[in-house]
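The values are calculated or read from the model by the stated rules, or taken from the named source; none is laboratory data. Since we're looking at a predicted model, the values are computed, not measured. Glycine gets a Cβ as well: all are built from the backbone with ideal geometry, and neighbour counts include every protein chain shown. Ligands, DNA and RNA are stripped out before the accessible areas are found, and what is left, the full protein with its side chains, is counted by its heavy atoms. Shrake-Rupley method; radii C 1.70, N 1.55, O 1.52, S 1.80 Å.
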Amino acid sequence: MNETELMLTSILGCRRVDLYADWKPLDEFQRLHLDRMKSERQNGRPLQYVMGWTEFMGLKLCVDERVLIPRFETELLVESVLKTAEKISRQPLEILDIGSGSGNIAIALAVFLEKCQVTSVDISEEALDLARENAKISQVSHEINFIRSDIFNAFKTPNETNKFDIIVSNPPYISSQRIPHLPIEVQFEPVLALDGGVRGLFFYEQIFAQAQLFLKPDGYLFLEIGDDQRKDLEDLLKKYSCFDIIEFKKDLNERDRILILCQTRF
Ligand code: GLN
């Protein structure tokens, strides 16, 4: 669909074929709505925000400036988790998602895994509001506990009852210096969801330093990474002997985008 078709299907609540098979001229309200959408696009506002929704792994999610727009690479991250989860026989699987955003990762896992309990944390209360709405729309609210937390800060000292089988995160990984130079559309997205500190590694360091405490002994850590970060992460991991690298997974452009780790087995 081209952008105008997408906007029209969104305004009219119909499918693309209906635009042509059953076309009725827009009423005044609908015309104003379309004009507003087009002018927002001209100002660089991302199409997904203009429409108010996007799709992630076939699921419809509401999105606006409170949250990052889910990306295709993050579908690869979720698919990797799903593959590993199939092999773990414990049920329900206990999963921690760091950086809820729109709720995309937590919701997709809750929808596609037979039995799981997901804890999803974000520092932004307004992102959590939208993530909770999205979980309701996908009817998985009962499987996800959304909590306000700066990474692990809201968690009590871990004990056997609050450890996870899997920790997954698509953390902010763009270096702070690059933020002002990002394309105009990306500048509409929350800087909190993008800015990964001086070298884009801040959140990986935090997660590596603490994840081990919150993982069950044979737990896994799944991370989305920037396409130029593999070497930096390999270097960083030399400091953390508690993890073994299982693999780096590539996207369709053959760039390393997903890092899978497990707790070192002694
Ligand atoms: N989980 C969300 C996503 O993957 C948000 C991630 C973030 O805020 N960095 O799109």
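Approximating the spin labels as points 7 Å out from Cα along Cα→Cβ, the residue 65-to-residue 209 distance works out to 3.3 nm. Both radii come from the Cα set of segment 51-199: Rg as radius of gyration, Rh as Kirkwood radius; their ratio Rg/Rh reads 0.96. Restriction of the trypsin sites (Lys or Arg not before Pro) in segment 16-124 to DSSP coil positions whose beta-carbon has at most 11 other beta-carbons within 10 angstrom yields 90, 115. Spin-label pair residue 147-residue 181: with each label point 7 Å from Cα along the Cα-Cβ axis, the two points sit 3.9 nm from one another. A straight chain from residue 28 to residue 238 at 0.36 nm per residue would run longer than the Cα-Cα distance by 69.3 nm.
Among the trypsin sites (Lys or Arg not before Pro) within segment 182-239, those in coil by DSSP and having at most 10 neighbouring Cβ atoms inside 10 Å are 238, 239.
Full extension of the segment from residue 2 to residue 86, taken as 0.36 nm per residue of separation minus the current Cα-Cα distance, would add 26.5 nm. Report the far tail of the P(r) of the chain, meaning the percent of Cα-Cα pairs longer than 26 Å. Counting pairs separated by more than 26 Å, the tail of P(r) holds 44 percent. Using the Karplus relation 6.51 cos²θ - 1.76 cosθ + 1.60 with θ = phi - 60°, the per-residue 3J(HN,Hα) values for segment 250-260 come to 9, 8, 5, 8, 6, 9, 5, 10, 10, 10, 10 Hz, with x marking Gly and Pro.
Size of segment 156-196 from its Cα atoms: along the principal axes, largest to smallest, the extents are 46, 16, 13 Å. Beta bridges from DSSP with both residues in segment 160-266: antiparallel share about 65 percent, rounded to the nearest 5. Structure remark: mean-square fluctuation, Gaussian network model of the chain, C-alpha springs under 10 Å; the largest value among 29, 164, 243 belongs to 29.
Once Rh for segment 1-113 is found with the Kirkwood sum over Cα pairs, what is the Stokes-Einstein diffusion coefficient at 10 °C and 1.306 mPa s, in µm²/s? In µm²/s, the coefficient rounds to 97.
Label point 7 Å out from residue 45 along Cα-to-Cβ: which residues of segment 162-188 have amide N under 17 Å? Only 184-188 pass the distance filter. A Gaussian network model of the chain, with springs between Cα atoms under 10 Å, assigns the largest mean-square fluctuation among 30, 210, 91 to 30. The antiparallel fraction among DSSP beta bridges confined to the chain stands at about 45%. Here's how it looks for residue 216: its modeled amide H is under 5 Å from those of 164, 165, which are all 5 or more places away or on a different chain. Per the Debye formula on identical point scatterers at the alpha carbon atoms of segment 53-100, with no solvent, log10 I(q)/I(0) at q = 0.14, 0.18 Å⁻¹ is -0.45, -0.70. Over all other residues within a Cβ to Cβ distance under 10 Å of residue 123, the charged ones net out to -2, with Lys and Arg as +1 and Asp and Glu as -1. Straight Cα distances below 23 angstrom link residue 38 to the lysines 24, 60, with same-chain residues fewer than 8 positions distant left out.
Bridgeable lysines around residue 238 (alpha carbons under 28 Å apart, same-chain partners fewer than 8 residues away excluded): 83, 87, 156, 163, 216, 249, 250. Computed over protein heavy atoms with a 1.4 Å probe, the carbon and sulfur contribution to the accessible area of the chain reaches 51%.
Average accessible surface for segment 119-255: 52 Å² per residue, computed with a 1.4 Å probe over protein heavy atoms with every protein chain in place. Sorted largest first, the principal axis extents computed over the alpha-carbon atoms of segment 121-266 equal 48, 39, 28 Å. Between 119, 84, 54, which gets the highest mean-square fluctuation from a Gaussian network model of the chain, Cα cutoff 10 Å? Maximum fluctuation in the GNM of the chain, among the listed residues, is at 84. Taking the square roots of 5 times each eigenvalue of the Cα gyration tensor of segment 112-173, largest first, gives ellipsoid semi-axes of 19, 17, 11 Å.
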